[in-house]
Amino acid sequence: MHMNEAVLPRRIALIDVWRGVALIAMMTYHGAWDVAYLRLLRFDPGGSPPWRIYAHIIAGSFLFLAGVSLVLATRNGFRAGPYLRRLAVIIAAAALVSIATYFVMPEGWVYFGILHQIALASLIALPFLRLPPLFTAVVAALVIALPQFVRSDVFAAPWFWWVGLAPIAKTSFDYVPVFPWTGVVLAGVAAAKFGVAAGLDIRLQRWQPANRLTRLLAFGGRHSLAVYLIHQPIIYGVLFLAAQLLVPNAAIDGARADCADRCIEQRGDTVGCHAYCRCVFDDLAEAGLTQSLLKGTMSEADNQRLRGMAMTCTAITLPNPAPSSPESVPADGG
């Protein structure tokens, strides 16, 4: 080792900047999702191919960097204390996200999101730190490719949701299962090991942020978990206040809550009923019938349309037959 290498900073600032850029991208996606969820604009980021690709690139960036960071943190030897402390923080944060979304957004609660994936992949990746990077790269490719060829109803059971090999995934607002996403973490491990072997880490350590923007991005990257946990409540809170000012949501939310309560009482399917009522009220809004429903001024023709919406939404979200009348689930149509 050269003498000047001994005083180089342990962190690679460029990695922090990359993570900071990924954070900005994540904020834009979550902001768009919140706008759609609060119906400030009618579009569906989760159902739009370009938006889904954007979301996958963002998730892939974080997971790839998680693999890279694991190698960089252990290149001078594995230290169990810091590793376990970091793992415990990530597990606690993942649990917090699951609990919060289960109560706030039960129709799509996060049972295995990106934090869950990072925690589990951090364990799975440990043996690969001692294996040849080419072998790790091959395993990464296999893990990424496997869901394209292997699907089974066995993995549809709730205790296997985290695997990612069910024919149809259970609805979640953030779903990052083992297959294929652990492969992205392993790809980061392989890439970092190749880079360290070539001395790339030493060369990259020489670069430091030279302006306010890159310093800010690097700061965010160094504190990415904290930023991840606080950014969504802040963005959602601001947009929620905007929705209260711009959109008459209170009555709609109350009617939709009543719809869900009646549906759950009849069917006992909390998640399905919330999804069903969201579907019905979205269709009502698109048809321009929401205010008529709330005011009880629906005509017979309008009620007939509502029955059709109920049947369509039931077919999408609920396993049992739809109620015969709109009054029994969405609301009194008058």
request  = Would you please list the contacts, defined by Cβ atoms under 6 Å and residues six or more apart or on different chains, that run from a residue in the range 155-172 that is closer than 17 Å to P106 by Cα to a residue that is exposed (fewer than 15 other Cβ atoms within 10 Å of the Cβ) and among the charged types (D, E, K, R)?
outcome  = W161/K170
key: Candidate set: the range 70-91, residues that are outside any loop (DSSP other than H, G, I, E, B) and of a type in the set (D, E, K, R); chosen: the one nearest to the chain's Cα centre (by Cα)   = R86
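Please specify each residue of the range 138-156 satisfying the condition of being under 27 Å from K193 (Cα atoms) and either surrounded by 16 or more Cβ atoms within 10 Å (Cβ to Cβ) or acidic (D, E) (or both). Spell out the reasoning first.
Restricting attention to the range 138-156, the residues satisfying the condition of being under 27 Å from K193 (Cα atoms) are 138-147.
Residues satisfying the conditions are V139, A140, V143, I144, L146, P147.
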ask   = Does the range 293-308 contain any residue that is assigned to a loop (DSSP other than H, G, I, E, B), buried (at least 19 other Cβ atoms within 10 Å of the Cβ) and at pLDDT 85 or above?
value = no
query = Here is a list of conditions, (1) closer than 27 Å to A140 by Cα; (2) of a type in the set (F, W, Y); (3) modelled with pLDDT under 95, and Y29 meets all of them except one; can you say which number that is?
reply = (3)
remark   = Checked the range 38-69 for anything under 14 Å from the mean Cα position of the chain (by Cα) and among the aromatic types (F, W, Y); matches are W51, Y54, F62
ask   = Looking only at the range 115-132, which residues are surrounded by fewer than 22 Cβ atoms within 10 Å (Cβ to Cβ) and farther than 17 Å from A80 by Cα?
value = L131, P132
message = Exactly one condition in (1) touching a residue at least 24 places away in the same chain (Cβ under 8 Å); (2) assigned to a helix (DSSP H, G or I) is false for L245; which is it?
response = (1)
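The values are calculated or read from the model by the stated rules, or taken from the named source; none is laboratory data. Remember, it's a predicted structure, so these values are computed and weren't measured experimentally. So basically every Cβ, Gly included, is an ideal-geometry build from the backbone, and we count neighbours across all protein chains shown.
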